[in-house]
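Below is one structure, written out as structure tokens; comments come after it.
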Amino acid sequence: MIKKLYKKYEEVILYVVFGVLTTLVNFVSFWVFNKILGEKFYLVSNVIAWFISVVFAYVTNKLWVFESKSWAFKILLKEVPEFFAARLFSLGVEEGGLWLFVDIFGFDRYSFTVFNFEVTGKLIAKVLLAVIVVILNYFFSKFIIFATKGKKKDKKE
């Protein structure tokens, strides 16, 4: 029964697993570049973290989630620009959301420490926005970028 449920929801489960890993890559990159560049440049740190995580997400989504195994130039010419365009849109959502939460709502005034790790208002805002971004990105990938691959996968089952 568990195997049957897994098979039925395999794509969503894999998307969530790799989405969590992508989010981890994004958060760690954001934290590292925030430390390197300084807190004042949090939006720049976010863009760098975004780029690193998008490359990671493209490869994992292509190979394991939506099973688009071809590296043919024609396929890449379609997928890569669509993937980056969709992720640019969700980056805009995240950047706008960060700006709104930090500069307008003042989230940067709040912080607390957990296990000697400072959780800032900026990080809290990123967590809230991550949920929205993951949902947006799934729909872009499923129904636009890898849509034909998803249909072929469904026919195999």
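The values are calculated or read from the model by the stated rules, or taken from the named source; none is laboratory data. Keep in mind it's a predicted model, so treat the numbers as computed, not measured. Don't worry about glycine lacking a Cβ; one is built from the backbone with ideal geometry, like all the others, and counts go over all protein chains shown.
Assorted remarks:
- Val102 being β-branched (Val, Ile, Thr), out of contact with any strand residue (DSSP E or B) (no Cβ under 8 Å at 6 or more places or on another chain) and crowded, with 18+ Cβ neighbours inside 10 Å: yes
- Single residue of Thr113, Thr148 found to be polar (S, T, N, Q) and at pLDDT below 90: Thr148
- Some residue of region 14-29 being surrounded by fewer than 15 Cβ atoms within 10 Å (Cβ to Cβ), in a helix (DSSP H, G or I) and aromatic (Phe, Trp, Tyr): no
- Among the residues of region 32-55, the ones that are surrounded by 17 or more Cβ atoms within 10 Å (Cβ to Cβ) and either among the hydrophobic types (A, V, I, L, M, F, W, C) or within 16 Å of Asp108 (Cβ to Cβ) (or both) come to 10 in all.
- From the list Lys40, Lys3, Lys35, Lys7, the lone residue that is of a type in the set (Lys, Arg) and under 15 Å from Trp64 (Cα atoms) is Lys7.
- For region 105-112, the count of residues that are closer than 27 Å to Ile144 by Cβ and of a type in the set (A, V, I, L, M, F, W, C) is zero.
- Yes/no for Glu94 being at pLDDT below 95, farther than 22 Å from Leu128 by Cα and surrounded by 12 or more Cβ atoms within 10 Å (Cβ to Cβ): no
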